[in-house]
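Bear in mind that the values in this text are calculations on the coordinates, not laboratory data. Since this is a predicted model, take the numbers as computed values, not measurements. Note: ideal-geometry Cβ built from the backbone for every residue, glycine included; neighbour counts use all protein chains shown.
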Amino acid sequence: MPVYSTVCPRNCYSTCSIKVHVENGKLRRIEPHPDNLATPEGPCLKGLSYVERTHSPDRILHPLRKDKNGPGFSRVSWDEAFDLIVERLTRAREDFGPQSVLYYTGSGTKGLLNSVGMEFWKLFGGCTTTYGDLCWPAGLEATRLTLGENKHNVPWDLENAGLIIQWGKNAAETNIHQTVFMNRASEKGARLIVIDPRRTETAERAELLIQPRPGTDGAIALAAAHLLIRENSIDRPFIEKHVLGFDEFEEAVRECTPDWAAEIADVPVHSIETLAERIGNSGPVTINAGFGMQRYTNSGQTMRAIIALLAITGNIGKPGAGWIFADLQTQIFGTVKDPIAFYPPGSSNDDVRVSISTARLGRDMLAARDPELSIAWVERGNPITQNPDTNRVLQAFRGLSFRIVVDQFMTDTAREADLILPAKTMFEQSDLIGAYWHPYIQLKQKVLEPPGEVKPESEVYRELALRLGIPKSDLRDVIPGPADADIEAYLTKHLAPFPELTLEKLREGPVLVPGLQEIAFSDYRFPTPSGKIELLSHEAESRWGVDAIPRFVESRESIRQERLNGDKKKLLYFLTPNTKNRIHSQFNNLKTILALDPKPLLIIHPEDASIRGVKNGSQVRIHNDRGEIKVKARFDRGIKPGCVSMTNGWWISQGGTVNFCSRGRETDMGHGAAFHDNLVNVERLS
Ligand SMILES: Nc1nc2c(c(=O)[nH]1)N[C@H]1C(S)=C(S)[C@@H](COP(=O)(O)OP(=O)(O)OC[C@H]3O[C@@H](n4cnc5c(=O)[nH]c(N)nc54)[C@H](O)[C@@H]3O)O[C@H]1N2
Ligand SMILES: Nc1nc2c(c(=O)[nH]1)N[C@H]1C(S)=C(S)[C@@H](COP(=O)(O)OP(=O)(O)OC[C@H]3O[C@@H](n4cnc5c(=O)[nH]c(N)nc54)[C@H](O)[C@@H]3O)O[C@H]1N2
Ligand SMILES: [Mo]
C-alpha cells in the first residue's frame, strides 16, 4: 500500500506531520511522522477522523443551486454554475462596480495557494474584502510592539523551563503535543501555573490555578510586576541594556498593589504573591499566552503587561525562557507576518477595497455604500457560525442579491448560499504550509484525485477568469493551470529563493525553515523603533490610541461597567472556548467526533444555576440583546462562579452557534474580534 508524507493544514498550533496509506483511491490509515520533533506522537482524533471525513457521504461533490421556492438545493453542472457566476458577476460589475462583490475568506485551511483567490479578484477589476482577523491579532500586535517580531523558542526547548505559566491557554485541548514537553519539564522539576477562569484539563497538573474575572489579567500582571520590582527580583543589567521605558513602567505599577489587583480580578492576594514569587525564583520562566485571552477590548494592553513580566526579569533570549504566543518564522511565503500592512483598513489597492472589519462583518456589510454590496463569495470560512453577532451576519447575507459559498459540507453558511461550489480536501491538491508553533515548512501532498466533480479553488478561478475574457497571458504566474505539474511548477517557483527547500526533500517530510533561530531573540536584536524591548511604545499610542505604557482598563462589556438592559446581578460572562475534538466549526458533523461530543452544552457553576432554578440537565435559554441560544445545562464546579461557557463551533442546525450572543466589536489593537467581551442572561426553560 503506498504511503505518503503529508501535513494537516488546519488552523491549529500543532500542524502535525503525518503519513497516510492510500489504496484503490481511498485513504486507509493515518500514522505519525517521526521526523517532526514537535509532533512525533502523530495526529489527534480529528487527524485520525480524516479517513471518515474525506470519504463522508455528506461531502458536497457537485455544484448545487438553491431551489427557487424552498430551502433545498439541486445539482447543476459546472457549465451551468460558471455561466451563472459569470452572468451575475458581470452584471454586478457593470451596474455597481466590482466593489459590490464581497470576497470573504476564513481560516478553514492553510496554504500558499490560498492567495490565488485575491489574484483572481484583482484581475476581475477589484472587490471589497475584510481586514483584521477572528483569531489572534491583538496578541500579534502587542508582541510586535513590544519585541519587534512574533517568534518564540522551538517547542522542544520548553523542557528547559523552570516555570511554565499557561496564561489563558488550554494546551491540553488546543495544542496537545505541547503537553509532552510540559510533562518532560515537570519531570525535571519545573513548576506549572495556569491562569484561566475555567479549571481546564491543562490545569490538572498545575501547582497553582488562578481564576480571574474575565478580562482582568492585565491587573494581575501589573501587580506581579509591582511585587517583583518591590522585592528587587528583577534583572537590572538586562533592563539597562535591552528595555525601553522601565522607569515609566515602574512609576505606573507603583499603584498596582496586589490588593488592588485581587479586588479587580476577584482572586486571592496570596495567588498574586505566589505568582510573583515563582517568577522571581524559579529559573528560566516561559509564559505561554493563549489566544482566548486576547479576545477582549482591553487585551492588547493585557498582553503587553504580561510580556513586561519577562522583560523585567530578563527571561527573554534564553533556553527555557521567553514568550510563547505565535512563532511566525515559517511564514516565509505569505503576508501573515504583518497582517496590518497587508491591505490596511480603509485602503484601496488595485481597486480592492478593504472596508469591512471581520469582527464587525454583519454591521459593516450592511453599512457598505458606494457601492452597496450585492454579491458575496465565501471560501474556507463559516461566517454565519464563527463571526460575532450571527443575527446581524445573517441579516447582511440575506440582504444580498447573490451568494456563492465554496465548502466541503452543508454548513450554516452554505445553507444561505444561492450557489454552492464543492471544495477539495487536504488530500486532493498539493500545497506548501508554514506553522505558528513549530519551525517546519511542509508539503501537503496530493494523494487522492478529487471525488465527484470537485475542483480545487485555483482551478475554479482559472476557468472563471478565462470565461470572463481575461487573457491567458495575464494568468501566468498568478493562477496556475489545473494539471499536477502546473501546481508543482507554481510551488517550485515560490521555493526558488530558498535553496534548502526543494519539493523532492519536502516530499519525504518536514524541513526546518532556513535561518531558524531556535532560541528566539538569543541575539538580543529587537526590531522595534528603539531596538529595545519596548515597555514604552509610542507606536501603541499613535497607532491604536492606547496608553504608551501598558495599563489596566476594564473591558467594555464587564460586569462592572456594561449598561445592558436587565438585572446586572444576574448577568454572566459567556466564555466560548475551543475544544479538543473540533477545530472551530469543522469535524462536528462526523460520527467519530459526535460519538464523544454529541451536542452543545452550557457549563455552569451550581451556585449560579441554583439562583436561576437551573438543574443539571435543564434546558436553558442563554440570551442578551444580540440573540439567544437554547441548550442543556451541565454543572461544573471547575468554572469560576459568574462565568458560563459553551464551546464555539456548533452549527445552528445542531443546536446553535454561540455567536448569536456575541457582539461585533474590535479588540483594542490589531483589529481582532472581542468575542469574550460578552455578558449573557441564563434562564431555565424546562
Ligand atoms: N482541538 C483544537 N485545537 C485548536 C483549535 C480548535 O478549535 N480545536 N483552534 C486553533 C485555533 S484557530 C486557535 S485560535 C487556538 C486557540 O487556543 P487557546 O488559546 O488555547 O484556546 P481558547 O479555547 O480560545 O482559549 C484558551 C482559554 O482561555 C480562557 N480564557 C477566556 N477568557 C480569559 C481571560 O479573560 N483570562 C484568562 N486568563 N483566560 C481566559 C478560556 O477559558 C480558555 O480555556 O487553538 C488552536 N488549536
Ligand atoms: N464565539 C467565538 N467565536 C469564535 C472563536 C471563539 O473563540 N469564540 N474563535 C475564532 C477563531 S480563533 C477562529 S480561527 C475562527 C475560525 O472560523 P473559520 O475561519 O470560519 O473556520 P472553520 O470553522 O475552521 O472552517 C471554516 C470552513 O472552511 C471549510 N474548509 C476547510 N478546508 C477548505 C478548503 O480547502 N476549501 C474551502 N473552500 N473550504 C474549506 C470547512 O469545511 C469549514 O466549513 O472562529 C472564530 N470564532
Ligand atoms: Mo483561531
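If I take all pairs of Cα atoms in the range 568-684, what percentage of them are more than 22 Å from each other? Value for the range 568-684: 33 percent of Cα pairs lie more than 22 Å apart.
Extents of the range 377-531, taken as max minus min of Cα coordinates on every principal axis and listed largest first, are 54, 40, 30 Å. Helical content of the chain, expressed as a calculated mean residue ellipticity at 222 nm, amounts to -8000 deg cm²/dmol (DSSP H runs of 4 or more residues, -39,500 (n - 2.57) each, divided by residue number, nearest 500).
Using DSSP to define loop residues, name the chymotrypsin sites (Phe, Trp or Tyr not before Pro) in the range 464-572 whose beta-carbon has at most 14 other beta-carbon atoms within 10 Å. Don't skip to the end; give the middle numbers.
Details: sites: TYR490, PHE521, TYR524, TRP544, PHE552; in loops: PHE521, TYR524, PHE552.
Passing sites in the range 464-572 are TYR524.
In this structure the amide hydrogen of THR411, modeled in the peptide plane, comes within under 5 Å of no amide hydrogen from residues 5 or more places off or on another chain.
Measure up LYS26/LYS472; LYS151/LYS446; LYS46/LYS444 against 25 Å on the Cα-Cα distance and list the ones that go over. Kindly include the intermediate steps, with their values, before the conclusion.
Numbers: LYS26/LYS472 35 Å; LYS151/LYS446 30 Å; LYS46/LYS444 17 Å.
LYS26/LYS472; LYS151/LYS446, as the Cα separations exceed 25 Å there.
For the range 465-482, 3J(HN,Hα) computed residue by residue from phi via the Karplus equation (6.51, -1.76, 1.60; θ = phi - 60°) reads 4, 5, 5, 7, x, 7, x, 3, 4, 6, 7, 3, 6, 10, 10, x, x, x Hz, glycine and proline entered as x.
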